[in-house]
Amino acid sequence: MDAEHMGDDLAEVLLTEEDIHGRLEELAEEVWADYHDKDVLLVGVLKGAIMVMADFMRALPGSAEVDWMAVSSYGSGTKSSGVVRILKDLDTDITDRHVLIVEDIIDSGLTLSWIRTNLLSRGPASLEICTLLRKPTAAKVEIDTRYVGFDIPEAFVVGYGLDYDEKYRNLRVIGTLAPHVYS
Ligand code: 5GP
Ligand code: MG
Ligand code: MG
């Protein structure tokens with residue numbers, strides 16, 4: 001879905017497809033410089049990270065394994081509940097594996113820090129985080145995020161995998177919603 005198919009639901013486009021793809025190419029290069037000699041396992045968090053993972057892993061100049069987790073964090077609203085529950089666990093045993101979590105966005109960081117602690121308890125050889133987007137609020141939590149695509153302003157964004165009430169994930173760009181959508 002393109003921005004022009006959004007009617008008046010879209011308030012502002014923050015990142016175009018070109019912005020996103022360009023930055024993911026850079027991140028992939030950076031990551032590969034660190035992982036080319038390791039057997040990396042990319043871990044995506046469903047459903048938000050589907051687009052980031054698809055484009056990021058194709059931008060890597062070598063083969064990488066991928067696995068998925070699903071957790072509940074947000075309900076249908078726009079605020080993090082802080083309650084995390086595993087809905088779908090990894091298929092892979094990550095003991096002694098080099099794991100790179102590929103995320104769409106870090107907002108409060110609550111979800112990711114919970115996932116990080118959970119995965120660390122399984123004894124990976126290493127565990128790093130790559131996120132396309134990071135909000136200023138993420139600074140409040142102590143998560144060491146090695147790879148960050150864009151620092152964005154404090155606003156609820158949709159598109160490129162990110163939803164509002166399960167909608168707008170298939171929007172090509174990343175943008176903010178008009179106030180009338182929420183009411
Ligand atoms: P956190 O726990 O860091 O606050 O957020 C966890 C999850 O909430 C993210 O992985 C993402 O799925 C969702 N989320 C956080 N901020 C936004 C946002 O601005 N837009 C959308 N659509 N989802 C968000
Ligand atoms: Mg996510
Ligand atoms: Mg969501």
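The values are calculated or read from the model by the stated rules, or taken from the named source; none is laboratory data. As the structure is a computational prediction, the values presented were derived from the model and not from experiment. Backbone-built Cβ (ideal geometry, glycine too); neighbour counts: all protein chains shown.
As a summary of the residue check, Thr78 satisfies the conditions (1) of a type outside the set (Gly, Ala, Ser); (2) in contact with a Phe, Trp or Tyr (Cβ under 8 Å, 6 or more places away or on another chain); (3) within 27 Å of Lys167 (Cβ to Cβ); (4) at pLDDT 95 or above except for the one numbered (4). State whether the residues of segment 78-95 include one that is surrounded by 15 or more Cβ atoms within 10 Å (Cβ to Cβ) and within 16 Å of Arg146 (Cβ to Cβ). Looking through segment 78-95, none of the residues is surrounded by 15 or more Cβ atoms within 10 Å (Cβ to Cβ) and within 16 Å of Arg146 (Cβ to Cβ). Selection of segment 107-133 for residues being away from ligand 3 (no atom under 16 Å from the Cβ), outside any helix (DSSP H, G or I) and on the phi < 0 side of the Ramachandran plot yields Ser121, Arg122, Pro124, Ala125, Ser126, Leu127, Glu128, Ile129, Cys130. For Ile174, the stated conditions do not hold, so it cannot be described as within 15 Å of Ile20 (Cα to Cα), surrounded by fewer than 19 Cβ atoms within 10 Å (Cβ to Cβ) and either of a type in the set (Ser, Thr, Tyr) or at pLDDT 95 or above (or both). Evaluated against (1) in contact with a helix residue (DSSP H, G or I) (Cβ under 7 Å, 6 or more places away or on another chain); (2) in a loop (DSSP other than H, G, I, E, B), Asp8 falls short on exactly one condition, (1). A Cβ distance below 8 Å, combined with a sequence gap of six or more or placement on separate chains, defines the contacts here; from segment 132-153, residues that are among the acidic types (Asp, Glu) reach no residue that is at pLDDT below 80. The residues of segment 146-171 that are surrounded by 18 or more Cβ atoms within 10 Å (Cβ to Cβ), of a type outside the set (A, V, I, L, M, F, W, C) and within 22 Å of Ser113 (Cα to Cα), listed by number, are Tyr147, Gly149, Gly161.
Filtered by the rule that a residue be hydrophobic (A, V, I, L, M, F, W, C) and touching a Ser or Thr at 6+ places or on another chain (Cβ under 9 Å), segment 2-19 gives Ala3, Leu10, Ala11, Val13, Leu14. Taking the stated definitions as given, is Val148 over 22 Å from Leu27 (Cβ atoms) and either among the hydrophobic types (A, V, I, L, M, F, W, C) or in a loop (DSSP other than H, G, I, E, B) (or both)? No, not satisfied. Regarding Gly48, is this residue outside any helix (DSSP H, G or I), free of Cβ contacts under 8 Å to residues at least 60 places away in the same chain and either of a type in the set (A, V, I, L, M, F, W, C) or within 16 Å of ligand 3 (Cβ to nearest atom) (or both)? So Gly48 fails the test.
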